[in-house]
Amino acid sequence: MPRKFLCLAVALLWPVLLYAGTTGKIAGVVKDKETGEPLPGANVIIVGTTYGASANLDGEYVILNLL
């Protein structure tokens, strides 16, 4: 009986595990090249896509749910 339960659990969770590895994230900090100071409000985009983000007050950005 435990073996059947394990097989059923694996069969039900397998699609979830496969889907979990299909998205990603890009994070970073936008800084001025000369002074090294963060650039708040800078727009960061991935060319050729509709993905992008705006930097916060510390110049940090995160782009989520990348395929």
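What the table shows:
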read-out	value
Accessible surface ranking that places the most exposed of Ile45, Ile63 first, with a 1.4 angstrom probe	Ile45, Ile63
Heavy-atom accessible area per residue - the chain, 1.4 Å, Å²	86
Using θ = phi - 60° and Karplus 6.51 cos²θ - 1.76 cosθ + 1.60, couplings along region 53-63 (whole Hz; Gly, Pro as x)	7, 10, 6, 7, 5, 9, x, 8, 9, 9, 10
Under 12 Å, Cβ to Cβ, from Lys31 - net charge with Lys/Arg +1 and Asp/Glu -1	-4
Hz values of 3J(HN,Hα) by residue in region 35-51 - Karplus curve (6.51, -1.76, 1.60), Gly and Pro given as x	9, x, 7, x, 10, x, x, 5, 8, 10, 10, 9, 4, x, 10, 9, 8
MRE, 222 nm, helices only [DSSP H, n ≥ 4, -39500 (n - 2.57), over the chain, to nearest 500]	-9500 deg cm²/dmol
Residues in region 42-62 that a label on Lys25 would reach, taking backbone N under 13 Å of a point 7 Å out along Cα→Cβ	61-62
Viscosity 1.002 mPa s, 20 °C: Kirkwood-radius Stokes-Einstein D of the chain over Cα pairs, µm²/s	144
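The values are calculated or read from the model by the stated rules, or taken from the named source; none is laboratory data. Every value quoted in this text rests on a predicted model; they were computed, and no experiment measured them. Heads up, the Cβs are rebuilt from the backbone with ideal geometry, glycines too, and the neighbour counts pull from every protein chain shown. Accessible surface is based on the protein model in full, side chains and every heavy atom, while ligands, DNA and RNA are left aside. Shrake-Rupley method; radii C 1.70, N 1.55, O 1.52, S 1.80 Å.
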